[in-house]
Amino acid sequence: MSIQDEKSLQHDDHEGHGSTSLYVSVFIALCCLTSLSFLTYFDFWRNTVPVGFSRAFMLAVSCIKALLVITFFMHLKWEANWKWMLTVPASLMAIFLMAVLVPDIGLRMQHASYERMIYAAEVPADEDTAHDTDGHDDKAHSPSDKAEH
Amino acid sequence: MSDSNNHSPMFDYQPALPISNGKTFMWLFLSTEIMFFAALIGTYIVLRFGALSWPSTHDVHLAEIWGAVNTFVLICSSVTVVLALEAAKKNNPSSAKGWMLLTLVLGTVFLGIKMFEYRAKFSHGLYPQSPHSQIYEKPDVYYAQAVRMRLLDLKKSLLEKTERTEAEEERIALIDKISLDWVEPAEKAIRKKPDSPEGRKLLFMLSDKIYPRASIHDHRAGANHAAAAGPTFTLASTAGDSASSAHPVGLNDQHPWLRLPIMIPGGNMWVSTYFLLTGFHALHVIVGLIAFAILLKMTLGPAKAGLIENIGLYWHFVDLVWIFLFPLLYLF
């Protein structure tokens, strides 16, 4: 490719790019989103929002932030169709990779041994001398009756 | 294409992709990087949510605020890279260099905060592997034994000295006191009645005396088995100002020379994943900083716009990874 080709190519490529004000507004949006996910750290949030929702919320915020960075900072908004060829397969591979790990998440620790349970590092409850071997007795105590020291 | 004059215009070279080779390769590299970090993060999620217990952030001296600050720093650096590129395109090399320098500074700040965070872990004996790691997973006989051995070692080295200072005598007295008041009763009780609640309770108390975990004392959030608990489990906790994050003080904090074994359920897996994820990310940051340092030596005019863009793409990707790491490591 001649230098001239490359120059004209670059010219085409960069035409219609965002302005400084656009980048600044993306920056402000990213900051706002970061503070949104940081909100989950405070007590008022923890006391009112279920943990599952909280985590889904944080991941959603992260995905929006990632999309903003990819679209505007990495200029994918203004790129031609080649962008799909490179990003879609890689993203699919990443998603597959996560998906094949899911059975592990679902199945691990469904059954824990009694030995693991009793040493799961909670303050042992006083009354659990007569334990059943299923090992669900310790778990049954909610966090509120631990730490009696 | 030196021979472009020799053939007919009909056979003009058509590039496969309408972008420069450098950019093509950078994107190909980034697509492998996506898979690399997806593997790391995916493994972290499996280990994190499959674990029977996982330490809360304050159990392992992880301060959320520094994670948030680092996120902010990286977002700022992403903007400065973009502005450097814009300045270079507009043929304004001095301004481009200024933005680039600012990016370099912000990247260094990120690494500085990371080092500060690492130090907080290391100073509490949280290492990913022995011999430095002092982490034990559960308060059992092996834990009590490790504490006893450590105390014996300390005492032995103190007794070997022929002339001891008053401070050293005090240390020996403290070692004896810990052994008598905490280690011995626990070991005796568990030996007399293995697996008995009394013995386990004493062992737990011993570990709590040495390294009190914030989650146990605060009773808060995600304490021990947020993941293993049923669907009814919420982050809601009993009263207590957890946001103040004042760490309870244990023997290891009062007397740093003790360096006794500490008990954190899920602690080993936590340090391994934490240092692996943040370590690989930090390595990427370092590579980016080297690239910026090289760029700073050049005249950043329109001719270098392509190069700045490619390195910028890499830097945005590093930012992107941190965007996911921050909530996963600090807030989940």
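Please give the charge dipole size of region B:154-209, origin at the Cα centre, charges +1 on K and R Cβ atoms and -1 on D and E Cβ atoms. Round to the nearest 20 debye. Before the final figure, lay out each step's value.
Numbers: 13 positive and 13 negative charges, 80 e Å.
Computed charge dipole of region B:154-209: roughly 380 debye.
What does the structure give for B:79-89 when I average, per residue, the other chain Cβ atoms found within 10 Å of the residue Cβ? Let's see the in-between values first.
Working: counts 8, 2, 1, 12, 4, 0, 5, 6, 1, 0, 3.
Taking all residues of B:79-89 together, the mean is 4.
Please compare each pair in B:K90/B:K297; A:K77/B:K89; B:K155/B:K209; B:K121/B:K177; A:K65/B:K23; A:K83/B:K97 to a cut-off of 21 Å on the Cα-Cα distance and tell me which ones are over it. Kindly include the intermediate steps, with their values, before the conclusion.
Values: B:K90/B:K297 19 Å; A:K77/B:K89 18 Å; B:K155/B:K209 19 Å; B:K121/B:K177 28 Å; A:K65/B:K23 23 Å; A:K83/B:K97 29 Å.
Among B:K90/B:K297; A:K77/B:K89; B:K155/B:K209; B:K121/B:K177; A:K65/B:K23; A:K83/B:K97, the Cα-Cα distance tops 21 Å for B:K121/B:K177; A:K65/B:K23; A:K83/B:K97.
What FRET efficiency would be calculated for the residue pair A:V100, A:N47, taking the C-beta separation as r and a Förster radius of 41 Å, to the nearest 0.05?
Values: r = 36 Å, r/R0 = 0.89.
Step by step, r from the Cβ atoms, then E = 0.65.
Can you give me the orientation-averaged projected area of the convex hull built on the Cα atoms of chain B, in nm²? Working shown, then result.
Numbers: hull surface 104.4 nm².
If I average the Cα hull's projected area over directions, I get 26.1 nm².
State, as an integer percentage, the relative contact order of chain B based on alpha-carbon contacts under 8 Å between residues 6 or more apart. Mind showing how you got there, number by number?
Numbers: 359 pairs, mean separation 107.5, N = 332.
Relative contact order comes out at 32 percent.
If Lys and Arg each add +1 and Asp and Glu each add -1, what is the summed charge of the other residues whose beta carbon sits under 14 Å from the beta carbon of B:L180? Numbers along the way, then the final one.
Working: positive: B:R148, B:K155, B:K177, B:K188, B:K209; negative: B:D176, B:D181, B:E184, B:E187.
Here the charged neighbours net out to +1.
To test your reading of the geometry: what angle, between 0 and 90 degrees and rounded to tens, separates the Cα axis of helix B:267-296 from the longest principal axis of chain B?
Computed tilt is about 30 degrees.
Before rounding to the nearest 500, sum -39500 (n - 2.57) across all DSSP H runs of length at least 4 in chain B and divide by the residue total; then give [θ] at 222 nm in deg cm²/dmol.
-20500 deg cm²/dmol
Return the long-range amide H neighbours of B:Y136 (sequence gap of 5 or more, or a different chain), with a cut-off of under 5 Å between placed amide H atoms.
For B:Y136, whose amide H was placed from the backbone, the distant partners under 5 Å are B:I262, B:M263, B:I264.
Calculate the FRET efficiency for B:E184 and B:N91 from the Cβ-Cβ distance with a Förster distance of 60 Å, rounded to the nearest 0.05.
Numbers: r = 78 Å, r/R0 = 1.30.
It comes to 0.15.
Could you state the angle between the C-alpha long axis of helix B:305-326 and the longest principal axis of the C-alpha atoms of chain B, as a value from 0 to 90 degrees rounded to the nearest 10?
The angle comes out near 30 degrees.
In nm, to one decimal, how far is the A:S25 label point from the B:T162 one, both placed 7 Å along Cα→Cβ?
8.1 nm
For region B:300-332 and region B:96-132, compute the distance between their C-alpha centroids and round to whole Å.
Cα centroid to Cα centroid, the span is 17 Å.
Values quoted throughout were computed directly from the atomic coordinates according to the rules given, and no laboratory measurement underlies them. Bear in mind the structure is a predicted one, so any value in this text is a computation, not a measurement. Glycine gets a Cβ as well: all are built from the backbone with ideal geometry, and neighbour counts include every protein chain shown.
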